[in-house]
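The values are calculated or read from the model by the stated rules, or taken from the named source; none is laboratory data. Keep in mind it's a predicted model, so treat the numbers as computed, not measured. Quick reminder, even Gly has a Cβ in these numbers, built from the backbone with ideal geometry, and neighbours come from all protein chains shown.
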Amino acid sequence: MKIYNLFPLLAGEFKAWDEHIERASTMGFDWIFVNPIQKPGASGSLYSIADYFQLNPLFVDKSARRKPDTQLKEVIKQAEKKYAVRMMIDLVINHCAIDSELVKQHPDWFLRNTKGKVEHPFCMEDGRKVVWHDLARFDHQHSADAKGQYNFFLKVIRHFINLGFKGFRCDAAYQLPSSLWRRLIEDIKKTHPEVVFTAETLGCTADQTKQTAQAGFDYVFNSSKWWDFSGPWLLEQYQLIREFVPSISFPESHDTERLYQESHNVDVLKQRYCFAALFSAGVMMPMGYEFGFKNPLHVVKTRSDDWETTNIDISAFISQVNQIKSANKVFQEDGPINMIGHENDAVLFLWKASNCCQQEALILLNKDPWNKQYFRVENLYHYVQSGESLSDLSIDYPLSYIPAPYEFELNPGMVRVMVTTRSK
């Protein structure tokens, strides 16, 4: 999956989405992920859903005679028919808006504290408890009306499938019981086997991710965005999860600070996207990344007027990376991967292999986005099992053949990619 995150508050009304979908398709993305587009509660947050079956008025063309659902259906149909892009949406069933009518109509669906008041979701941030007071937590464990609650969630999922969505990013998936996900996914796939379920596991432990992965998801999101290219934890997490489900990497998301705002370095944007795309089976990138946007994607305040004008455009680079991913099976799965030691610690040297074909890959990555780094080994062929030649697929300065010894001065943040296929 190559996923482009169309952030609806930045994209604006449905009628304006086409240009963003076209751009994503041109860059080689085959999925469009949109954050929640349902009617929000009083806070206005996309993730504070008041009505699961009404669309957010901010995205509806009021001058059009077509109903809101019809407007959305047309966008989704156009994306698939004209651009060969499927669409997925956030599935938020850990909580809803505190002012949703559901809280009054179905009080048994919600967690309550010792005083009988509805509980709010929270997280720990730098040792500080952050509570979202605009949200009400569903009780997925002990609801007195578990059947009614479950049927409601099924209805929500089927509603969005009927609108044309082919996938769901399941928000805060690890906070819900695995048994619930397993049942929901199995029930939906009985009639819609093509629908894809991906699990958002931001902030959870490797064991929590593993437990979530075993609940029937097609993909889980991993934490490669935070890797320093050195520590063992990411590869340990990768090895723990890959036996159960493939993963999706991302260089930034709507939950993180913009990478260009952090770095002010285009080479960092290229380095991090290339790594994310080649490391995992799937990759996701939010809109504006290709232009080096700095402003955060705010779930309440962002508007289409916040679209930034920059002198950065790495769309062609992203397109080339996506082409490499699409053309090579080894980059479309979470196959075996190893970090190889060598003389220069500022260069990451990875070996990756495919489970489903005979492909192997070597990846060289300059960890330093500000300075050139020198890499040298006596023979790259010592690091692959194949006796066949290595093909240099690197975007910048690809070599027509791989010499021995192999030496290269990598530009700041540069990634070099070589692939070989073993004879059967």
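Summary table below
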item	result
Filter result (surrounded by 13 or more Cβ atoms within 10 Å (Cβ to Cβ) and either on the phi > 0 side of the Ramachandran plot or out of contact with any Leu (no Cβ under 9 Å at 6 or more places or on another chain) (or both)) within the range 370-383	ARG376, VAL377
Residue in the range 384-405 that is under 28 Å from the mean Cα position of the chain (by Cα), surrounded by 13 or more Cβ atoms within 10 Å (Cβ to Cβ), in contact (Cβ under 8 Å) with a residue 60 or more places away in the chain and in the same structural domain as ALA346 (by TED's automatic domain parsing) present	yes
Residue match in the range 208-221 (condition: surrounded by fewer than 19 Cβ atoms within 10 Å (Cβ to Cβ), more than 26 Å from SER326 (Cβ to Cβ) and among the hydrophobic types (A, V, I, L, M, F, W, C))	no
Only one of GLU13, GLU22, GLU80, GLU101 that is among the acidic types (Asp, Glu) and over 19 Å from GLY164 (Cβ atoms)	GLU101
Extreme residue, farthest from SER25 (Cα to Cα), among residues of the range 323-339 that are aliphatic (A, V, I, L, M) and assigned to a helix (DSSP H, G or I)	VAL330
Residue within the range 302-310 that is among the basic types (Lys, Arg), in contact with a Pro (Cβ under 6 Å, 6 or more places away or on another chain) and at negative phi present	no
Residues satisfying the stated conditions in the range 114-134, i.e. more than 13 Å from HIS95 (Cα to Cα) and under 23 Å from the mean Cα position of the chain (by Cα)	CYS123, MET124, GLU125
Top-ranked residue of the range 288-322 - restricted to ones that are outside any loop (DSSP other than H, G, I, E, B) and touching a Lys or Arg at 6+ places or on another chain (Cβ under 6 Å), ranked as nearest to TYR47 (Cα to Cα)	ASN322
Pick from the range 64-86, criterion among the aliphatic types (A, V, I, L, M) and modelled with pLDDT of 95 or more, ranking: farthest from PRO36 (Cα to Cα)	ALA84
Strands (runs of 3 or more DSSP E) wholly inside the range 7-75 containing at least 1 residues that are surrounded by fewer than 19 Cβ atoms within 10 Å (Cβ to Cβ), among the acidic types (Asp, Glu) and assigned by TED's automatic domain parsing to the domain that holds HIS120	49-55
Of residues in the range 169-207 being over 19 Å from VAL156 (Cβ atoms) and buried (at least 22 other Cβ atoms within 10 Å of the Cβ), the one modelled with the lowest pLDDT	THR201
Unmet criterion (only one of (1) in contact (Cβ under 8 Å) with a residue 60 or more places away in the chain; (2) more than 17 Å from THR198 (Cβ to Cβ); (3) crowded, with 16+ Cβ neighbours inside 10 Å) for THR256	(1)
Residues that are part of a helix (DSSP H, G or I) and among the hydroxyl-bearing types (Ser, Thr, Tyr), drawn from the range 129-165	TYR150
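For every residue, the table says whether it meets (1) touching a helix residue (DSSP H, G or I) at 6+ places or on another chain (Cβ under 7 Å); (2) over 17 Å from PHE165 (Cβ atoms); (3) at pLDDT 95 or above.
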site: ILE3; (1), (2), (3): no, no, yes
site: PHE7; (1), (2), (3): no, no, yes
site: ASN35; (1), (2), (3): yes, no, yes
site: ILE49; (1), (2), (3): no, no, yes
site: LYS62; (1), (2), (3): no, yes, no
